[in-house]
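These notes are about the structure you will find just below.
The values are calculated or read from the model by the stated rules, or taken from the named source; none is laboratory data. The structure displayed is predicted, hence computed values, not measured ones. Here Cβ is always computed from backbone atoms with ideal geometry, including for glycine, and neighbour counts include all displayed protein chains.
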Amino acid sequence: MYEIANYKPPFWARNTHVQSLLATFKLRRLFVEKKSKPLLDITEEVILDCGDDVRLQGFYSASPNPEAPLVVLMHGWEGSANSMYLLSSAQTLYTNGYSVFRLNLRDHGDSHHLNEDLFHSCRLDEVVGAVKAIQARYQPKQFFMGGYSLGGNFCVRVAAVAHEHALSIDKVVAICPPIDPFETMHEIQNGFVAYNWYFLKKWRASLTKKAEIFPEKYNKQKLLEHKDLAKLTEVLLGEFGEFESSKQYFDAYALKDDRLQNLQIPTVILLAEDDTIIPHSGSDKLYKSEYLSIVKSPYGGHCGFLKDGKLNSWSDDFFLEHFSS
């Protein structure tokens with residue numbers, strides 16, 4: 001069930017904070033956007049009907065080969081379809097003959113206007129609806145899903161219920177997905193202060209945008225009165241109206257215990273042992289499924305896996321390797 005990754009970073013990239021912070025370094029976008037130009041030049045925006053009046057935004061890049069396999073890629077929390085790590089992986093796959101669909105979760109990227117209700121991480125049904133819509137629209141002969149962090153968590157959960165929704169997915173790859181989100185929040189809150197600041201800043205900006213679009217529904221001052229991730233989560237639980245406590249909310253989208261008991265799709269999870277946000281030890285809580293493989297790397301940080309001075313990521317190669325095998 002466990003494998004050791006063949007990732008060997010350069011000496012300067014063997015620090016978890018170097019990996020995690022350089023992966024989001026603004027200068028990196030210059031390299032990534034230059035690399036991704038062929039993909040971006042042929043990309044079209046798509047608005048998906050996900051059922052129950054929910055719409056999600058995505059970006060489709062079609063391979064010149066009509067028989068090409070299709071990969072749906074999903075970003076992490078407060079990332080987007082244009083996050084550097086997602087663009088880099090998308091371009092690598094496109095270059096190697098894949099069509100790629102980059103899906104925005106609700107209220108991520110520039111999609112806040114599409115749905116009145118707020119995003120939360122338990123909105124699995126609409127992501128399943130999006131994947132069904134993508135499959136029906138493009139009818140690929142081979143169909144894969146890949147995601148980073150929370151996007152990887154969503155991908156694994158979709159795989160676990162795919163048989164209930166007639167989804168024909170050939171393989172799923174998740175990079176640094178939260179296994180026990182309650183532990184993940186604890187790590188963000190109590191770990192290196194830069195991560196807490198980063199996520200809080202992005203979340204507050206997203207909530208501000210939502211309140212400005214739907215001022216009759218959301219009180220911006222109330223949404224933004226707390227500058228603490230845990231307290232802000234508690235405030236928003238009242239808006240969701242579905243959870244009695246933050247613990248219940250976090251457990252509802254966890255991958256631990258028997259969540260993967262009905263998994264019927266080959267699924268690979270890549271974890272970094274030096275990830276300060278997603279504890280790799282959480283893999284011990286996963287259901288031991290014959291369809292699940294766990295790959296661990298001593299290095300990589302959180303969704304970093306940088307491999308050279310141009311800040312290219314080995315995770316791109318990891319996707320390609322597992323979708324091609």
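Residues that are more than 21 Å from the chain's Cα centre (by Cα) and among the aliphatic types (A, V, I, L, M) were ranked within the stretch 5-52; the one that is surrounded by the fewest Cβ atoms within 10 Å (Cβ to Cβ) is 27. Figure legend. Inter-residue proximity from the stretch 182-197: first residues of a type in the set (Val, Ile, Thr), second residues surrounded by 12 or more Cβ atoms within 10 Å (Cβ to Cβ) and not in a helix (DSSP H, G or I), beta-carbon distance below 8 Å, spacing 6+ or different chains. Indicated pairs: 184/178; 184/277; 184/278; 184/279; 188/277. Is the stretch 96-106 home to any residue that is within 26 Å of residue 158 (Cα to Cα), surrounded by fewer than 19 Cβ atoms within 10 Å (Cβ to Cβ) and either at pLDDT below 95 or of a type outside the set (Phe, Trp, Tyr) (or both)? Looking through the stretch 96-106, at least one residue is within 26 Å of residue 158 (Cα to Cα), surrounded by fewer than 19 Cβ atoms within 10 Å (Cβ to Cβ) and either at pLDDT below 95 or of a type outside the set (Phe, Trp, Tyr) (or both). Among the residues that make up the stretch 190-203, is at least one of them closer than 29 Å to residue 314 by Cβ, of a type in the set (S, T, N, Q) and surrounded by fewer than 20 Cβ atoms within 10 Å (Cβ to Cβ)? Within the stretch 190-203, one or more residues are closer than 29 Å to residue 314 by Cβ, of a type in the set (S, T, N, Q) and surrounded by fewer than 20 Cβ atoms within 10 Å (Cβ to Cβ). Comparison of 26, 35 shows that the only residue that is touching a Ser or Thr at 6+ places or on another chain (Cβ under 8 Å) and more than 18 Å from residue 108 (Cβ to Cβ) is 35. You will find that of 21, 40, 27, the residue that is closer than 26 Å to residue 130 by Cβ and among the aliphatic types (A, V, I, L, M) is 40 and no other. Within the stretch 28-51, the set of residues being without any contact (Cβ under 8 Å) to a residue 24 or more places away in the chain and basic (Lys, Arg) comprises 34, 37.
Among helices (runs of 4 or more DSSP H) entirely within the stretch 136-240, having at least 1 residues that are closer than 23 Å to residue 277 by Cβ and modelled with pLDDT of 95 or more singles out 150-161, 181-190, 193-213.
Yes or no, residue by residue, for (1) touching a helix residue (DSSP H, G or I) at 6+ places or on another chain (Cβ under 6 Å); (2) farther than 26 Å from residue 250 by Cβ:
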position	(1), (2)
126	no, no
135	no, yes
141	no, yes
146	yes, no
153	no, no
166	no, yes
171	no, yes
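The single condition among (1) surrounded by 17 or more Cβ atoms within 10 Å (Cβ to Cβ); (2) part of a loop (DSSP other than H, G, I, E, B) that residue 258 does not meet is (1). Is one or more of the residues making up the stretch 102-122 in contact with an Asp or Glu (Cβ under 6 Å, 6 or more places away or on another chain), of a type in the set (Phe, Trp, Tyr) and assigned to a strand (DSSP E or B)? For the stretch 102-122, residues in contact with an Asp or Glu (Cβ under 6 Å, 6 or more places away or on another chain), of a type in the set (Phe, Trp, Tyr) and assigned to a strand (DSSP E or B): absent. The strands (runs of 3 or more DSSP E) found wholly in the stretch 12-97 and carrying at least 1 residues that are of a type in the set (Gly, Ala, Ser) occupy 55-61. Among the residues of the stretch 53-72, those identified as surrounded by fewer than 16 Cβ atoms within 10 Å (Cβ to Cβ) and on the phi < 0 side of the Ramachandran plot are 64, 65, 66, 67.
Of the numbered criteria (1) crowded, with 21+ Cβ neighbours inside 10 Å; (2) more than 16 Å from residue 184 (Cα to Cα); (3) within 18 Å of the chain's Cα centre (by Cα), the one residue 277 fails is (2).
Here 242, 290 are screened, and the one residue that is closer than 25 Å to residue 4 by Cβ and surrounded by fewer than 18 Cβ atoms within 10 Å (Cβ to Cβ) is 290.
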